[in-house]
Amino acid sequence: MSMKNGKGKKSRAIGRKAKRQTRLKIAEVAVNVTFRHVEPTDALRQYAEKKFAHLGRILKQPAEAHLILVIDKYRQCGEVTFKSGRIAATATEENTDLYAVIDLLTDKISHQLKKHAEKVKSKKMRSPSTPQVLAASEES
């Protein structure tokens, strides 16, 4: 067996792996963080970017998230607007810790996006064709 033009078993496996990598590519999420009455820290910004980057798996298309973190005396609030194509999801949360606020916001947004994805998926389900319905009614 001679291998001509690189069409061996290994080269085919490498080609399949490359195709699979592109298919499973996670959509990028651009995260903008705004701090109000808070000193901006890189740790909070990186934490928010890491948490919201996981939401790209749900949508499979590029998205943009705008996160606003606010401190008013003892209240620490957060608000996020998540946009991707026609989808726009918003959430607000209040807690005693800004890291907890970011966690709760990602949970709320992910729940909204999953619900939207389920609605889209259920709308794509086709009803049975007319011959199938007639055949089923004749059998019963």
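Set side by side, the residues GLN46, GLN76 differ, and just one is out of contact with any His (no Cβ under 8 Å at 6 or more places or on another chain) and surrounded by fewer than 16 Cβ atoms within 10 Å (Cβ to Cβ), which is GLN46.
Here VAL70 qualifies as touching a Cys at 6+ places or on another chain (Cβ under 6 Å), within 18 Å of THR106 (Cβ to Cβ), at pLDDT 90 or above and not charged (D, E, K, R). Among the residues of the stretch 102-118, is there at least one that is surrounded by 12 or more Cβ atoms within 10 Å (Cβ to Cβ), more than 23 Å from the chain's Cα centre (by Cα) and on the phi < 0 side of the Ramachandran plot? Within the stretch 102-118 (the criterion being surrounded by 12 or more Cβ atoms within 10 Å (Cβ to Cβ), more than 23 Å from the chain's Cα centre (by Cα) and on the phi < 0 side of the Ramachandran plot), the answer is no, since none of the residues qualifies. Only residues that are in contact with a Ser or Thr (Cβ under 6 Å, 6 or more places away or on another chain) and surrounded by fewer than 18 Cβ atoms within 10 Å (Cβ to Cβ) were counted in the stretch 62-73, giving 2. Taking the listed residues THR92, THR22, the one that is over 14 Å from LEU113 (Cβ atoms), loosely packed, with under 12 Cβ neighbours inside 10 Å and either more than 14 Å from the chain's Cα centre (by Cα) or modelled with pLDDT of 90 or more (or both) is THR22, with no other qualifying. Hey, does the stretch 114-131 have a residue that's within 30 Å of ILE71 (Cα to Cα) and either modelled with pLDDT of 85 or more or touching a Ser or Thr at 6+ places or on another chain (Cβ under 7 Å) (or both)? So far as the stretch 114-131 goes, yes, one or more of its residues are within 30 Å of ILE71 (Cα to Cα) and either modelled with pLDDT of 85 or more or touching a Ser or Thr at 6+ places or on another chain (Cβ under 7 Å) (or both).
The values are calculated or read from the model by the stated rules, or taken from the named source; none is laboratory data. Remember, it's a predicted structure, so these values are computed and weren't measured experimentally. All Cβ positions, glycine included, derive from the backbone under ideal geometry; neighbour counts span all protein chains shown.
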